[in-house]
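> Before I ask anything, here is the structure I am working with.
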Amino acid sequence: MNTIRKANPNDAQAIFDLKSRAILAKCSAHYTEEQLSLWAHGSVSERFIDDVVDTFYVSEIDGQVIGSGKLNTQTDVVDAIFVEPDYSGRGAAKKMLQFLEHLAKEQDLRLLTLNAAPFYRACGFVGDEVSTYHSPKGIRLDCVPMEKPL
């Protein structure tokens, strides 16, 4: 059974590793090798661990982390929804997004934003204009900023 819980510092490496696997498995058709390499590689930093503790949630099956999601209630941003490639297409990402939306409503947030993919459009987010995302690692990625009224 897929359960979702608040992430803790011990989850940082698992989240980082699954993010890297998901990016390499699912994003290769959309970005260059250089972009993928910069985005998916590196190591867990103290800043990342702090972010995990502050904003991340994990999906687990039988105690194994199979997905992640992030809700920043200060900026109203949903981010970092990644699923292990072996669990892709089984509803784990959708369940995480629904969970984060529920948390946002509990915090009286009225609008969530994110940088999108077709998955988010299918979940009710809107936006079409291409923008450039500047990651903390210095990577520039084309994306579509999207939002969803709650």
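> Work out the FRET efficiency for residue 25 and residue 74 from their Cβ-Cβ distance, taking R0 = 22 Å, and round it to the nearest 0.05. Provide the component values of the computation, followed by the final result.
Working: r = 31 Å, r/R0 = 1.40.
The pair residue 25/residue 74 has a calculated efficiency of 0.10.
> Calculate the translational D of region 82-148 in whole µm² s⁻¹ from Stokes-Einstein, where the hydrodynamic radius comes from the Kirkwood formula applied to all Cα pairs, the temperature is 20 °C and the viscosity 1.002 mPa s.
On the way: Rh = 13.3 Å.
Reported coefficient: 161 µm²/s.
> So, one more: Alpha carbon centre of region 75-96 versus region 124-138: separation in Å?
17 Å
> Considering only C-alpha atoms, what is the centroid distance from region 1-32 to region 54-74, in Å?
9 Å
> Could you tell me whether region 28-71 comes out rounded, prolate or oblate from its Cα gyration tensor? Rule is a ≥ b ≥ c as square roots of the eigenvalues, rounded for a/c under 1.5, then prolate if a/b exceeds b/c, otherwise oblate.
Working: a/c = 2.37, a/b = 1.47, b/c = 1.61.
Oblate shape, in that a/c is at least 1.5 and b/c is the bigger or equal ratio.
> Further question: Can you give me the relative contact order of region 2-149 as a percent, contacts being Cα pairs under 8 Å and 6 or more apart?
Details: 225 pairs, mean separation 31.8, N = 148.
So the answer I get is 21 percent.
> Which ordering of 11, 108 is given by a fewest-first count of other beta-carbon atoms within 10 Å? Write down the numbers at each step before the final one.
On the way: 11 21, 108 8.
Least crowded to most crowded, the residues run 108, 11.
> On full extension of the chain, what length is gained from residue 60 through residue 32, given 0.36 nm per residue of separation minus the C-alpha to C-alpha distance? Display every interim value, and only then the final one.
Working: separation 28, 0.36 × 28 = 10.08 nm, distance 3.08 nm.
Using 0.36 nm per residue and subtracting the Cα-Cα distance, I get 7.0 nm.
> While we're looking at this one, here's another question. Roughly speaking, what is the stretch gain from residue 142 to residue 86, that is 0.36 nm per residue apart minus the C-alpha to C-alpha distance, in nm to one decimal? The partial results should precede the final answer.
Working: separation 56, 0.36 × 56 = 20.16 nm, distance 2.60 nm.
Roughly 17.6 nm would be gained on extension.
> Moving to a separate point now. Hey, what's the Kirkwood Rh for region 29-146 if you take every pair of different alpha carbons, in angstrom? Show your work: numbers first, answer last.
On the way: mean 1/r = 0.0648 Å⁻¹.
Every distinct Cα pair counted, the radius reaches 15.4 Å.
> Additional query: If each of residue 128 and residue 106 carries a label point 7 Å out from its Cα toward its Cβ, how far apart are those two points in nm?
It works out to 3.6 nm between the two label points.
> Can you tally the net charge around residue 28? Count Lys and Arg as +1, Asp and Glu as -1, for every other residue whose Cβ sits under 13 Å from the Cβ of residue 28.
On the way: positive: 21, 26; negative: 33, 34.
It works out to a net charge of 0.
> Fewest to most neighbouring Cβ within 10 Å: what's the order for 33, 60?
On the way: 33 8, 60 16.
By the 10 Å Cβ count, ascending: 33, 60.
> Let me ask another. Give 26/95; 105/137; 6/26; 19/137; 26/105; 94/137 a once-over and call out the pairs whose C-alpha atoms are over 23 Å from each other. Intermediate results must be reported in sequence, preceding the final value.
Values: 26/95 18 Å; 105/137 31 Å; 6/26 25 Å; 19/137 14 Å; 26/105 30 Å; 94/137 27 Å.
Correct reply: 105/137; 6/26; 26/105; 94/137.
Every read-out reported here was derived from the displayed coordinates using simple, explicitly stated rules and does not represent laboratory data. The shown structure was predicted, so the numbers you read here are calculated from the model rather than taken from an experiment. No Cβ is skipped: glycine too gets one built from the backbone with ideal geometry, and neighbour counts run over all protein chains shown.
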